[in-house]
Amino acid sequence: MSEIDTAQILTATAAQLGEWIAAQTVTSEQVTRAFLDQIEAVDDQVNAFVSVDAERAMELARRVDQRIAQGEQLGPLAGVPVAVKDLLCYEGLRTTASSRMLENWIPPYNATVVNRLLDAGLVILGKTNLDEFAMGSSTETSWFGATHNPWDLDRTPGGSGGGSAAALAAFEAPLAIGTDTGGSIRHPAAVTGTVGVKPTYGGSSRYGIIAMASSLDQPGPCARTVLDAALLHQVIAGHDPKDSTSIDAPVPPVVDAARASDVKGLRIGVVKEFAGEGYAPGVEQRFNEAVELLRQAGAEVVEVSCPNFSYALPAYYLIMPSEVSSNMARFDAMRYGLRVGDDGQHSTEQVMRLSRGEGFGDEVKRRIIIGTHALSSGYYDAYYGSAQKVRTLIQRDFDAAFEQCDVLVSPATPSTAFRLGEHRDDPVAMYQADLCTVPSNMAGNVSASFPAGLAPEDGLPVGLQVMAPPMADERVYRVGAALEALLNQSWGGELLQQAPLLDKTLTRKAAQA
C-alpha cells in the first residue's frame, strides 16, 4: 500500500478512488472508513444524513477487497462509497422520505437503482436528508431538521435533495444519488458547486422510489466532477421491466462524452426567456462568462426562443400537486407508517385523519390540498386539464429549439443559496427557485447543472444548466466536461476546494492522520 492519507482519499474523485482500489493502492475498507469518519466529524454541522449504515458499509467494502484480491475484474466504481437520497428503498435500513409518517419504516426490498449500485460493487454509506416527500426547494421541510450548505452553514443547500449535494460538498461522500421532479437534483448541485444530472425520463428506473409526482420524478447521479457523474449514470441507468415508464433502449454513451471535453461545432442555444430581470447579478455574470468560454472553445452560440417556458412554473405547480394528492393517499395509517389514535375510542376514519394530520408537514398538506382542488369536479378542466395542454406546448417548444441547436443552456437557478428561513413563510418565493429547471421535467428530456464559478457579490456557487433532447444524455456531459476543463484551469482544480468549511475540516483531519 502507498502512503495515501485521509485528506487525499476524501478529496480524490470517484474515478481516482476506483482506480486506486482496483490497483490495491488503497482498500475499499480504508476509503469507506475515511468517509464514515468524515461524516462523524462534520455531519453535526451539515445534517446531510438521516441514517448512516456504517456496519453494513464496512462489510460491503470488505467483500469488494476480497474479490479484487482474488483477481476479479470489477467495474470502475467498485468499492467506491455512495450516499443515497432517503427516498429510495434499501432493504434493512429505514427509508423515511424525511417525514414523520415514515420515521421508522424499514422496506423489505431494494429499489432498482439501489440493486444496481450494489451489483456494481459500490458501498452505500447511508441515506441523505431531503425536503419531506421531496416537497421543497431548501431541505428545510424535513422532519429531521434542515440541511446546511457547507459553503455557508447559515444557507440552504437547495432542495429537495439538499442532503445528497451537501454530503458531496462536505466531502462526506464522493458520489450520491438524487431524484429530480422539478429541479431537486439540479438546484442543490447549482448552489453547492457540485454536478447534478436529471436523466431522460424513463432512462433510469423509478421502481422502489417513494413517488411524489409519477410523471415527473426521475432518479439521477450527483457527483463532484462530470466524469464521476457519468460513471454513476452508467451504473444506474437502463431498462427495468419493473418500471412501466422505463425506456427499453441502450444507455447513451455518457462516459465517452464526459471524457471528450470537446464542444467544437456544437450548437448551443441560449434560452431567451431565461434572461433579464429576476436573476442575481452574479448568477447572470457567471452564466454569460461560461457561455463565452464555450464559444471560444469552438461552439456556435445562438439565441433561441421558447415562449411557453414562461408558463412552465404555474403549470408545474398544478400538475405536480395533483399527482402528489394521488400518491399521498396511500399513507392512510392502515398498512404501514405512523398510526395515531388507535386506542379503541376512534373510528377508522378518525385514525386516518389524526395520523395524516400529525404525520404530514405543512408543505405536504399544502400540496395535497392544491392538488385535490385541481382534480375536483368542476375544476379539473380549468386547472389540471389546462396545465397538461401547457405541458404539450412546452414539449413543442423544446422540439422546435432542438431543430436549431444541439443543446440549450440557462442559469440553473435565479440566485445563489438563500439563507435558511428566508422564504419559510413565503411558499411562492420558494417555488421561484424552480423557474429554470421545471421545463425539462415537464418535457421529460435530459438536463444537468454544472459548476460555473462563484458569484462575486457573495462568493457562493453558481450553476450552468444544460438541456438536451430525450435519450441524448451524452450531450449534456459533453458540454459539462468541456466547461469543467476550461474552468479548472482558472480554479486550479475542483471548485469545491475553495469551500471555507472544507478547508478547515480537511486541514484538521490531515493533521490528525
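So, R0 is 25 Å and r is the distance between the beta-carbons of Asp262 and Asn288; what FRET efficiency does that work out to, to 0.05? Don't skip to the answer; put the middle values down first.
Working: r = 22 Å, r/R0 = 0.87.
Efficiency for this residue pair is about 0.70.
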Next item on the list: Mind checking the full-extension length gain between Lys242 and Arg353? Use 0.36 nm per residue of separation minus the Cα-Cα distance, one decimal, nm.
Entry: 36.7 nm
Margin query: Relative contact order of the stretch 1-124, please, whole-number percent, based on alpha carbon pairs below 8 angstrom and at least 6 residues apart.
Written below: 26
Check: Taking θ as phi - 60°, what are the ³J(HN,Hα) couplings along the stretch 251-261 by the Karplus curve (6.51, -1.76, 1.60), each to the nearest whole Hz, with x for Gly and Pro?
Finding: 5, x, x, 5, 5, 4, 5, 5, 8, 6, 6
Item checked: Label corresponding to volume of the Cα convex hull per residue in Å³ when calculated from the structure given, among (1) 182; (2) 142; (3) 200 -> (2)
Next item on the list: Report the one residue of Thr32, Gly178, Val462 whose Cα lies farthest in the direction of the positive end of the charge dipole of the chain (charges on C-beta: Lys and Arg +1, Asp and Glu -1; origin at the Cα centre).
Entry: Gly178
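Rounded to the nearest 0.05, what FRET efficiency do Ala400 and Ala249 give with R0 = 30 Å and r taken as the Cβ-Cβ distance? Could you check?
Details: r = 24 Å, r/R0 = 0.79.
For Ala400 and Ala249, the calculated efficiency is 0.80.
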Check: Extension gain Tyr109-Ala429, at 0.36 nm per residue separation less the Cα-Cα distance, in nm?
Finding: 111.4 nm
Note to self: Need one number: nm distance between label points at Leu118 and Glu91, each 7 Å from Cα along Cα→Cβ, rounded to one decimal.
What the structure shows: 0.5
Next item on the list: Using the Kirkwood radius over Cα pairs, work out the Stokes-Einstein diffusion coefficient for the stretch 179-249 at 37 °C and 0.692 mPa s, in µm²/s as a whole number.
Entry: 267
Next item on the list: For the stretch 350-362, take each phi angle, set θ = phi - 60°, evaluate the Karplus expression 6.51 cos²θ - 1.76 cosθ + 1.60, and give the result in whole Hz per residue in order, putting x for glycine and proline.
Entry: 5, 4, 4, 5, 5, 5, 5, x, 8, x, 9, x, 4
Check: Using alpha-carbon pairs under 8 Å, 6+ residues apart, how would you state the relative contact order of the stretch 159-262 in percent?
Finding: 26
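What FRET efficiency comes out for the pair Arg339/Ala382, r = Cβ-Cβ distance, R0 = 25 Å, nearest 0.05? Please list the in-between numbers first.
Details: r = 37 Å, r/R0 = 1.48.
The value I calculate is 0.10.
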Notebook entry, point to check: Full extension from Lys389 to Arg56: what is 0.36 nm times the residue separation minus their Cα-Cα distance, to one decimal in nm?
Noted result: 115.1 nm
Next item on the list: List every residue whose amide H lies under 5 Å from the amide H of Gly444, counting only residues 5 or more places away in sequence or on a different chain, with H placed 1.01 Å from N in the peptide plane.
Entry: none
Checklist line | Debye, to nearest 20: dipole size of the stretch 262-402, +1 on Lys, Arg Cβ, -1 on Asp, Glu Cβ | finding: 300
Margin query: Below 8 Å, C-alpha to C-alpha, sequence gap of six or more: please give me the relative contact order for the chain in percent.
Written below: 18
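Where a number appears in this text, it was derived from the coordinates with a stated rule and is not lab data. Keep in mind that this is a model prediction, so the values were computed, not measured. We place every Cβ from the backbone using ideal geometry, glycine too, and count neighbours over all the protein chains shown.
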